[in-house]
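To start, the structure under review is shown below, and the notes come after it.
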Amino acid sequence: MTSASPADTSSRHSLWSRVVLAGPVVFAVACLVMAGSALWLPAGPAQIDNLVLPILLFPAIWAALFFCACLARRLTRAWIFIAGIGLLHAALIAQHLLHSAP
Amino acid sequence: MIRLSQERTKTLLAIHGWSAVALGLLLYAVILTGTIAVFAKEIADWSSPLSTHIADPFPPGTDRMVRDFAASVDPQFHEEAFFFPRAGNRLYVFFHRHETDEDGKPRERGVAAEIDPRSGEILDRREGTDADIEATDVANALSEFIVGLHVNLHIPDPWGLLLTGVLGLAMLVAAVSGFVVHRHLIRELFTLRRRGETLLKARDSHVIAGTWNLPFAFILAFTGSYFSFGSALGIPAVAMVVFGGDQDKLIETLVGNPPQVDATPAPMADLDAILADVRARSDAEPTFVSIQHWGRADSLVTVFMNYREGALTGPTYVYSGATGEFRYAKPNLGLVPSTGGTLFALMAPLHFGNFAGVLSKTVWFALGFAGAYVSITGLLLWTQRRSEQPIWRALARLTCWVAYGLPLSLVAAAWAYFPARRIWPALEPVMFAAFFGAAAIAAILAWRLRDPARIRDILLGSTGLALVGLPLLRWMCGGIGWIDAFNAGLATVIALDLAFIGGGLFCLWSLRPRPAALIRTPASQIEAQKA
C-alpha cells in the first residue's frame, strides 16, 4: 500500500480549495454583489440604473470572479479578495435592511 | 495571438474541457432547442394558421373586438389587460388581475381569448391563472413546448431557470477560455486539413466552427444567462434588498409608468385611434399593447413597437386610456433614456435574433446550429482521445444518444401534436409522452448497440424519415394543403414544409458511407494515429 506524499496531499487540498472557491463561493459572492450594488451604484437619469445594471451584468460579475479564482497564482490572495468583496456587500445589505426595518 | 504562461494555458484548457464534459450534453439540448426556438413564431404560424394570411394583426376594428371581449369579462379582471398577435396572427387578449400564489410568488389570474382579426370571432376562450391558460393553449402548444425546453428544460421554476442559467455560464466559460487558449486565432479561422489523420480533421472542424462562432457564443451565453438568472434570481434579490421583497414595486419602478390612482369609472378611448396614432408617429409597427385599469379615469395604454429599420430598439408610446390623449414616448425601461434601459433593450434582439426579420433569424439559426455542432464534436473529441477507458466509451455512447436522440424526440413531439390537437384539450402531456417515448427508445438502442456509428445511423435515419413525413402528417390531420396555402398567401406553411422535407433529406443523405468520420473511426485506429 502506498501513501500519498505531503506534496501530493498539499496539491490535492489546494485543488479542492480552488474548486470550492471557483464554484459555490464565487456564485454566492456574485449574488451578493448583484444585490448589494443596487445600493451604491448611481441611479442615473432614469433613476433605474442601480436596479437594472446589477441584474444585467450578473453573468459578467460571475465570470470575472470565476476566472480570478481559477487563474490566481496565489490562492490565498484570491480567497481574501473574493471573500472580502462578498463580505463588504453582505455588510452593506445588512446595514440597509437594519436601517430600513420599521 | 494571446500570450499566456504554459501553466495558465493548461488551466484554461482544463476549464474549457471539463466545463464542457460536465454540462456539455445539457448545454447541447439548450442550444439545439434555442436554435429551433428562433423560429418559434413561424412554427406556431405553420402548425396553426388561420385560413388566410393576416398581414395586419391590429386592423381597424381591433377596438370593437377588445371592447366586446372586455364586456364579457368579470370586472375584477379589468385591473390589467394586454393583447398581441400569436399563432397565425390570432389576436390574443388577456384580461387579468395580479395575485400571489401559495409560495408568495406573483402570478396573474383572468380570462384570455384568441380572436380572429378578420371577423372578430372568438376562436378560443380560457379562464384561470396564466399557467392554467398556457397549459390549455392548442394553437401555440408546439412552439411553446420547444421554447419551454429551451428556457427551463420544462423543470419547474425557479430550478429550471437556475439550471439553464448555470448552463449559460458554462457556455460563457467555454467561449472565453476557448478564445484565450486558441493561440493562433486568425489562422485557425481558415485551417481545415482535408488530408490528414481523422482526429486532426475532426479537431480542425471543431476549432474552425468554434472559432467562427466565438463572438456569437459569447453573446448568446451572456444574454441567455441574464434571461435565466434575471427572473429567477436577480429580480427577487434586488427587490428583497431595495423594496423589502415587493417584486411588483420593483417592476413598476423599472417600467416607469407611475400609477396616479383615480378609480372613477370612465369609458375607454378608441383603441383604433391610438393604434393609428402610433403608426403615424413611427416607422415601426406595434407589437404589444398593454392596458392598465380598463374602464377607469387613471387608465394607461402602453404600445410597444417593433424595431425601427436598421435599429435594435423600438420606441414605446403611452396614452391616457380614458381620453386617448398621447402622454409621452419612453424607452422600454424608465421614462428617459439611460444606460441600464439601453442595455436592457439590447438583450432581447441580441438573444432572439429577431431585429431584421427572417434574415437575422436565419443567421441566428445557422450560428446556433454551429454552436450545437461545436458542443457535440467537442465531447466526441474528448471521448475519442480517452477511448481506452470504459467510462469515456460510455460517455461517447451517451453523447451519441443525446446528439441524435434529441432531434428525433423533438420531431416525435411534433408527430404527437397534430393528431392529438383534435382530441385532447391539454397537449403538453401528449407531446411529453411522445418526446420521452422516442428518447427512451433511443436510449435502449444506445445501450444495446454500443457501436456509436450504428446508433447514429439508426437515430439520424429515423429523424430524417420523420421530418420528411411531417408535412404529410400535418396535411392528413386537417392542415391546409399547398395549393390552398399558396392561394391564401400562407407562405410560412409552404416554406416550413419544404424546410422540414429538406432537413429530413439532409439527414438521410448524411448516412452515406464516410470512412473518415470521427464517429466511425475505431478507437484502435485513432490510437495508432496518435502514436
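The values are calculated or read from the model by the stated rules, or taken from the named source; none is laboratory data. Fair warning: this is a prediction, and the values are worked out from it, not measured in the lab. With ideal geometry, Cβ positions are generated from the backbone for all residues, glycine too; neighbour counts draw on all protein chains shown. To get the accessible areas, we keep the full protein, side chains included, count just its heavy atoms, and leave off ligands, DNA and RNA. Shrake-Rupley method; radii C 1.70, N 1.55, O 1.52, S 1.80 Å.
Quick check, is B:SER143 outside the structural domain of B:LEU408 (by TED's automatic domain parsing), under 21 Å from the mean Cα position of the chain (by Cα) and modelled with pLDDT of 95 or more? The answer is yes for B:SER143.
Scanning the range B:199-241 for residues being touching a residue at least 24 places away in the same chain (Cβ under 8 Å) and of a type in the set (Val, Ile, Thr) gives a total of 4. One residue alone among B:PHE344, B:PHE355, B:PHE369 is outside any helix (DSSP H, G or I) and among the aromatic types (Phe, Trp, Tyr), and that residue is B:PHE355. Residue count for the range A:30-47, restricted to those that are free of Cβ contacts under 8 Å to residues at least 12 places away in the same chain and open to solvent by 60 Å² or more (accessible area, probe 1.4 Å): 3. From the list B:PHE94, B:PHE83, B:PHE145, the lone residue that is in contact (Cβ under 8 Å) with a residue 60 or more places away in the chain, surrounded by 18 or more Cβ atoms within 10 Å (Cβ to Cβ) and not in a helix (DSSP H, G or I) is B:PHE83. Taking the criterion of being buried (at least 20 other Cβ atoms within 10 Å of the Cβ), of a type outside the set (Val, Ile, Thr) and in contact with a strand residue (DSSP E or B) (Cβ under 6 Å, 6 or more places away or on another chain), the residues of the range B:316-330 that qualify are B:TYR317, B:TYR319, B:GLY321, B:LYS330. Contact map, the range B:246-264: first residue more than 10 Å from chain A (Cβ to nearest Cβ) and in contact (Cβ under 8 Å) with a residue 60 or more places away in the chain, second residue surrounded by 14 or more Cβ atoms within 10 Å (Cβ to Cβ) and assigned to a helix (DSSP H, G or I), Cβ cut-off under 7 Å, separation 6 or more or different chains; pairs are B:GLN247/B:ILE235; B:GLN247/B:PRO236; B:GLN247/B:ALA239.
Listed by first and then second residue, the pairs with beta-carbon distance under 7 Å, at least 6 apart or on different chains, first residue in the range A:48-61 and more than 7 Å from chain B (Cβ to nearest Cβ) and closer than 18 Å to B:LEU169 by Cβ, second of a type in the set (A, V, I, L, M) and open to solvent by 10 Å² or more (accessible area, probe 1.4 Å), are A:ILE61/A:VAL33. All conditions but one from (1) modelled with pLDDT of 85 or more; (2) away from chain A (no Cβ under 14 Å); (3) farther than 30 Å from B:ASP103 by Cβ apply to B:ALA209; the one that does not is (1). Kindly check whether there is at least one residue in the range B:55-63 that is part of a helix (DSSP H, G or I), farther than 26 Å from B:ILE494 by Cα and away from every other protein chain (no Cβ under 14 Å). Yes, that holds for at least one residue. Of all residues in the range B:98-129, how many are touching a His at 6+ places or on another chain (Cβ under 8 Å) and open to solvent by 60 Å² or more (accessible area, probe 1.4 Å)? The qualifying residues number 2. Are any residues in the range B:423-452 outside any loop (DSSP other than H, G, I, E, B) and open to solvent by 40 Å² or more (accessible area, probe 1.4 Å), and if so, which ones? Listed by number, the residues that qualify are B:GLU428, B:PRO429, B:PHE432, B:ALA433, B:PHE436, B:ALA440, B:ILE441, B:ILE444, B:LEU445, B:TRP447, B:ARG448, B:LEU449. Counting only helices (runs of 4 or more DSSP H) wholly contained in the range B:194-289, the ones carrying 1 or more residues that are in contact with a Phe, Trp or Tyr (Cβ under 8 Å, 6 or more places away or on another chain) occupy B:198-229, B:247-255, B:271-281.
Restricting attention to the range B:331-344 and to residues that are of a type in the set (Val, Ile, Thr) and at the interface with chain A (Cβ under 7 Å from one of its Cβ atoms), the residue that is surrounded by the most Cβ atoms within 10 Å (Cβ to Cβ) turns out to be B:THR339. The residue that is most open to solvent (accessible area, probe 1.4 Å), counting only those in the range B:379-396 that are closer than 17 Å to B:HIS16 by Cα, part of a helix (DSSP H, G or I) and not hydrophobic (A, V, I, L, M, F, W, C), is B:ARG385. Residues of the range B:228-245 that are within 27 Å of the chain's Cα centre (by Cα) and either surrounded by fewer than 19 Cβ atoms within 10 Å (Cβ to Cβ) or within 10 Å of chain A (Cβ to nearest Cβ) (or both): B:SER228, B:PHE229, B:GLY230, B:SER231, B:LEU233, B:GLY234, B:ILE235, B:PRO236, B:ALA237, B:VAL238, B:ALA239. With respect to being open to solvent by less than 10 Å² (accessible area, probe 1.4 Å), touching a residue at least 40 places away in the same chain (Cβ under 8 Å) and not assigned by TED's automatic domain parsing to the domain that holds B:ALA81, B:VAL289 fits the description. Across the range A:68-80, the number of residues qualifying as surrounded by fewer than 20 Cβ atoms within 10 Å (Cβ to Cβ) and either closer than 18 Å to B:PHE222 by Cβ or more than 7 Å from chain B (Cβ to nearest Cβ) (or both) comes to 9. If you go through the range B:453-474 and keep only what is more than 27 Å from B:ASP484 (Cα to Cα) and open to solvent by 30 Å² or more (accessible area, probe 1.4 Å), you end up with B:ARG454, B:ASP457, B:ILE458, B:SER462. A residue that is more than 14 Å from every other protein chain (Cβ to nearest Cβ) and under 30 Å from A:PHE67 (Cα atoms) occurs somewhere in the range B:35-51. Among the criteria (1) under 19 Å from B:GLU108 (Cα atoms); (2) modelled with pLDDT of 95 or more, the one B:ILE235 does not fulfil is (2).
Looking at B:ILE376, B:ILE480, can you tell me which residue is touching a residue at least 40 places away in the same chain (Cβ under 8 Å), part of a loop (DSSP other than H, G, I, E, B), among the β-branched types (Val, Ile, Thr) and open to solvent by less than 50 Å² (accessible area, probe 1.4 Å)? One residue alone meets the criteria, B:ILE480.
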